[in-house]
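Quick note: the coordinates plus some simple rules give every number you see, no bench work behind them. A quick note: this is a predicted structure, and the numbers were derived from the prediction, not measured. Quick reminder, even Gly has a Cβ in these numbers, built from the backbone with ideal geometry, and neighbours come from all protein chains shown.
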């Protein structure tokens, strides 16, 4: 039985990858997918949760790409960070049109479209009930948006990091490559590290373990799961101390 306790969850930081927003197209914005996610965000917000989203940008640009490979790493990462800002603006704008107040916080200074991120500013917006979007990663090259999600969760005193993926959670091996891969519903940081399971990149995962920030990994491609991952003990994988 999982040790996950939904009743203790009030403030959540989601890691939302760009490739999810691209849906079946693989690039750009797939409006059917994005509108579904917007509906689910609203459904979750109606339950009273305090929620923020750390945005990825892979639907527009990846550092590990034909273009990125031709650039210095720090330059490719900067382009990727700009891509996350585009996604934050799109989701924020769609929620605003539905009369749900939002705030965009960027780790890069881009004052015309987003506030510069500080924990104090973000806490104020979350306390005001706004749905917050965190973009431009950590503001530094060489760090992933996985790391940004854990970092923001720690800074903002969140109860949980939720990582939406294309599989049901953590497996003993890659389920897309290994038919014998077994689903793991509940695991400690130490067990995940010892078994070298790819929950998140190692910097993000080490940070989560050091500050005891629990992680829920779930399949975001299944309609309703963005909310159900929070409410249900038996959905996804819970990673904890």
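When restricted to residues that are in contact (Cβ under 8 Å) with a residue 40 or more places away in the chain and either surrounded by fewer than 19 Cβ atoms within 10 Å (Cβ to Cβ) or within 18 Å of residue 109 (Cβ to Cβ) (or both), region 55-74 contains 4. Residue 203 passes every criterion in (1) part of a helix (DSSP H, G or I); (2) touching a residue at least 40 places away in the same chain (Cβ under 8 Å); (3) surrounded by 17 or more Cβ atoms within 10 Å (Cβ to Cβ) apart from (3). Selection of region 111-129 for residues being surrounded by fewer than 17 Cβ atoms within 10 Å (Cβ to Cβ) and assigned to a loop (DSSP other than H, G, I, E, B) yields 111, 112, 113, 118, 128, 129. Residues in region 209-231 that are within 22 Å of residue 191 (Cβ to Cβ) and either outside any helix (DSSP H, G or I) or in contact with a strand residue (DSSP E or B) (Cβ under 6 Å, 6 or more places away or on another chain) (or both): 211, 212, 213, 214, 215, 216, 217, 218, 219, 229.
Among the criteria (1) in contact (Cβ under 8 Å) with a residue 40 or more places away in the chain; (2) more than 16 Å from the chain's Cα centre (by Cα), the one residue 50 does not fulfil is (2). From the list 142, 134, the lone residue that is within 26 Å of residue 202 (Cα to Cα) and in a strand (DSSP E or B) is 134.
The residues of region 171-200 that are crowded, with 16+ Cβ neighbours inside 10 Å, in contact with a helix residue (DSSP H, G or I) (Cβ under 9 Å, 6 or more places away or on another chain) and over 27 Å from residue 39 (Cβ atoms), listed by number, are 184, 189, 192, 197, 199.
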